[in-house]
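Every read-out reported here was derived from the displayed coordinates using simple, explicitly stated rules and does not represent laboratory data. This one's a predicted model, so the numbers in the text were calculated from it and none came from an experiment. No Cβ is skipped: glycine too gets one built from the backbone with ideal geometry, and neighbour counts run over all protein chains shown.
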Amino acid sequence: MMRFVHLLGTPSITLLALLLDLAARRRLFSPRERRALLWFAAIVAPILYSSTLGYLPFDVYRLGFSTWAPVALAVAAIAITPRSLPLALVAFATLVAYDLPLFASVNLFDYAVDPIVGIAAIVWAAATTFRRAMVLSPRAAGGRVRGDSALTEGH
């Protein structure tokens, strides 16, 4: 079991916040804030991990070692505070965990995103996008679309 845990790495503050929200029966974040956290992880994780593996010409992961990375996250947290205090608190908790350091890593990205939340967020984003496409598609609801043979047969 421990080898499996080591394979996935240390959980991020984002994952811990989402799990805490789930344990609190979804009372910590609004649906909009939960979606924002999941979309954040779904977008950042593929970019971060594909650049780490060398699939992108620029190593984004290296930016997490920069002294400017915490400054950028703090500015982002300050900017979103008027719109969403819980999201800003997650960002500030990430900064505090990074500064202490609570985990073994010295990279800020490890505190913000991890493979577990990345995979879960990508699956969630794919399912959400598919569900939305099925709801918005007239064919999925059994409706007819202009150009259908049933509409043009009588003309």
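Evaluating L48 against the criteria (1) out of contact with any Phe, Trp or Tyr (no Cβ under 9 Å at 6 or more places or on another chain); (2) at negative phi leaves one unmet condition, (1). Exactly one residue among A24, A104 is exposed (fewer than 14 other Cβ atoms within 10 Å of the Cβ), over 15 Å from the mean Cα position of the chain (by Cα), small (G, A, S) and closer than 21 Å to W124 by Cα, and that residue is A24. With respect to being touching a residue at least 24 places away in the same chain (Cβ under 8 Å) and either within 26 Å of R27 (Cβ to Cβ) or not in a helix (DSSP H, G or I) (or both), I116 fits the description.
Here's the yes/no breakdown for (1) in contact with a His (Cβ under 6 Å, 6 or more places away or on another chain); (2) free of Cβ contacts under 8 Å to residues at least 24 places away in the same chain; (3) closer than 22 Å to L102 by Cα; (4) part of a helix (DSSP H, G or I):
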residue	(1), (2), (3), (4)
A17	no, no, yes, yes
R25	no, yes, no, no
L28	no, no, no, no
W39	no, no, no, yes
L48	no, no, yes, yes
S51	no, yes, no, yes
R62	no, yes, yes, yes
L73	no, no, yes, yes
